[in-house]
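All remarks here apply to the structure that follows.
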Amino acid sequence: VQLQASGGGLVQAGGSLRLSCAASGRTFTSYNMGWFRQAPGKEREFVAAISWRASTVYSDSVKGRFAISRDNAKDTVYLQMNSMKPEDTAVYYCAVGGRPLQFGTRLSFYDYWGQGTLVTVSS
């Protein structure tokens, strides 16, 4: 199983970015998918997740600004980030969980992780 994240980069505060994460190695239709981030010197934290049934959950810090979606035909999950803030600066990781009933914010719910893509928001 491989997860390839892309779309990171440098953006000004108030701007937008769209992250993509393509999964390969098996069909992920029945898997939950999520995004986490890790800022320098901080622990990895939950950002957003989408279940195999397309239910979504967001951290309070990004709710209303970020949107997660998935394309099952492409085994790809997206994270649309709008109204970005300097505190959104981090390495963003996509993740996939193979237990449909374990959906949510916990790192332990996710079995496979991408390599990370750096997002930098300038003030």
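In this structure the amide hydrogen of Gly116, modeled in the peptide plane, comes within under 5 Å of the amide hydrogens of Ala5, Cys94, none closer than 5 places in sequence on its chain.
With N as its number of residues, segment 53-111 has a Cα radius of gyration that, divided by 2.2 N^0.38 Å, comes to 1.20. Label sites at Lys42 and Ser55, each approximated as a point 7 angstrom past Cα along Cα to Cβ, lie 2.7 nm apart. Compute the distance from the alpha-carbon center of segment 87-123 to that of segment 1-75, in whole Å. With segment 87-123 and segment 1-75 each reduced to a Cα centre, they are spaced 6 Å.
Using a simple charge model, +1 on the beta-carbon of Lys and Arg, -1 on the beta-carbon of Asp and Glu, nothing else, what dipole does segment 1-80 show about its Cα centre, in debye to the nearest 20? Kindly include the intermediate steps, with their values, before the conclusion.
Values: 10 positive and 5 negative charges, 13 e Å.
Here segment 1-80 has a charge dipole of around 60 debye.
Cα extents for the chain along the principal axes, largest to smallest and rounded to whole angstrom: 40, 26, 23.
Taking the Cα centre of segment 26-123 as reference, the dipole from Cβ charges on Lys and Arg (+1) and Asp and Glu (-1) amounts to some 160 debye.
Carbon and sulfur together cover what percent of the accessible area of the chain at a 1.4 Å probe radius?
Numbers: 2990 of 6230 Å².
Here it works out to 48 percent.
When the chain is described by a simple charge dipole with +1 on each Lys and Arg Cβ and -1 on each Asp and Glu Cβ, the residue from Ser6, Trp52, Thr76 located farthest towards its positive end is Trp52. Taking a straight line from the alpha carbon of Lys85, these aspartates and glutamates sit under 17 Å away, with near neighbours fewer than eight places off in the same chain left out: Glu45, Asp60.
The values are calculated or read from the model by the stated rules, or taken from the named source; none is laboratory data. Model, not experiment: these values are computed from the prediction. Glycine gets a Cβ as well: all are built from the backbone with ideal geometry, and neighbour counts include every protein chain shown. Surface areas here come from the heavy atoms of the whole protein model, side chains and all, with no ligands, DNA or RNA. Shrake-Rupley method; radii C 1.70, N 1.55, O 1.52, S 1.80 Å.
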